[in-house]
Amino acid sequence: MTAETHVFERPPEGAAEDWSIPQDWDAYTTEDHETWDILFKRQVQQLPGRASQAFLDGIDVLNLSKPGIPDFIELSERLMDATGWKVIAVPGLVPDDVFFDHLANRRFVAGNFIRRREQLDYLQEPDVFHDVFGHVPMLANPVFADYMAAYGRGGLRALKYDSLDHLARLYWYTVEFGLIEEADGLRIYGSGIVSSHGESVFSLDDPSPNRIGFDMKRVMQTNYRIDDFQQVYFVIPSYEELLRVTVETDFAPLYKELETSCDYAPDDIAEGDRVITRGTQAYARERAAASPA
């Protein structure tokens with residue numbers, strides 16, 4: 001799931017008022033479980049030395065008794081013991097107020113379908129692999145689990161402001177596509193990266209994207225792309241700092257300020273950015289602008 005804004009009238013047929021549905025684990029086919037196993041194996045092999053230690057530690061919560069796709073009931077029991085969170089199935093994207101309410105109450109919403117075999121490397125709508133493999137390991141980390149709940153509470157407060165698009169950018173550039181500075185260098189923690197075979201490499205190794213130190217306002221001014229790898233990654237110093245800044249920020253005046261502030265393209269470098277690595281696209285554009293006509 002992402003925090004993009006959506007408008008719906010009512011839950012679809014078969015869903016509860018909170019849009020939850022049964023996972024129906026027994027309905028998964030052998031091919032469904034094999035697809036999960038293929039995705040799981042190759043990401044687990046690829047992520048050591050790339051993923052944050054918090055994510056690698058959290059993978060243990062996915063090592064359940066049944067093969068293939070995790071059973072949300074068993075998964076929620078383990079997650080509840082760790083941080084008080086649970087995983088519930090939903091039929092797809094849910095309304096903003098429902099999404100925020102679930103997060104605020106430590107319920108993570110996950111799609112219960114899995115991609116087809118020919119979609120292993122890219123799927124636009126999040127499936128159970130993205131939602132569970134990508135998100136749940138970080139929810140086993142107490143500090144990040146608190147951040148997710150704080151984001152949900154902030155989202156509920158933000159509904160009275162016309163700034164959900166800015167708040168969605170915070171989710172996108174942290175929960176989905178965030179990097180962190182650890183003792184051994186930059187590491188991945190965003191679910192959109194750790195669940196992607198290609199972007200797990202691109203986000204750390206490719207010379208084209210900018211990697212910029214996290215700043216709340218800067219993040220919320222930055223557009224993002226949904227059709228390709230990112231051209232900017234924001235880097236947090238620690239989960240504790242991410243939580244602190246989120247909890248201590250007074251968002252009402254920030255939303256007001258953002259109404260008249262410029263937006264940045266994904267590959268822009270702004271004045272005041274702490275640039276950790278500058279992408280080749282931004283560098284080439286700056287060189288072209290500085291060259292005499």
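List of remarks:
- Only one entry of D228, D205, D146, D215 meets the criterion of being modelled with pLDDT under 95 and not hydroxyl-bearing (S, T, Y), and that entry is D228.
- Just one of the listed residues (A89, A104) is without any contact (Cβ under 8 Å) to a residue 60 or more places away in the chain and under 28 Å from R169 (Cα atoms), namely A104.
- Some residue of segment 74-84 being of a type in the set (V, I, T), within 17 Å of the chain's Cα centre (by Cα) and either surrounded by fewer than 23 Cβ atoms within 10 Å (Cβ to Cβ) or within 19 Å of I193 (Cα to Cα) (or both): no
- Cβ-Cβ under 9 Å pairs, at least 6 apart or on other chains, segment 152-167 side in a helix (DSSP H, G or I), far side of a type in the set (S, T, N, Q): G152/N105; G154/T246; G154/T249; L164/T5; D165/T5; H166/Q221; L167/T5
- Qualifying residue in segment 256-273 (condition: assigned to a strand (DSSP E or B), under 16 Å from the mean Cα position of the chain (by Cα) and either modelled with pLDDT of 95 or more or on the phi > 0 side of the Ramachandran plot (or both)): no
- Checking G190, G198, G213 one by one, the residue that is surrounded by fewer than 18 Cβ atoms within 10 Å (Cβ to Cβ) and in contact with a strand residue (DSSP E or B) (Cβ under 8 Å, 6 or more places away or on another chain) is G213 and no other.
- Evaluation of T260 against (1) without any contact (Cβ under 8 Å) to a residue 24 or more places away in the chain; (2) closer than 25 Å to R115 by Cβ (one fails), failing number: (2)
- Screening I226, I180 for residues that are within 18 Å of L170 (Cβ to Cβ) and assigned to a strand (DSSP E or B) leaves exactly one candidate, I180.
The values are calculated or read from the model by the stated rules, or taken from the named source; none is laboratory data. Being a predicted model, the structure only gives us computed values, none of them experimental. All Cβ positions, even for glycine, are placed from backbone atoms using ideal geometry, and neighbour counts span all protein chains on display.
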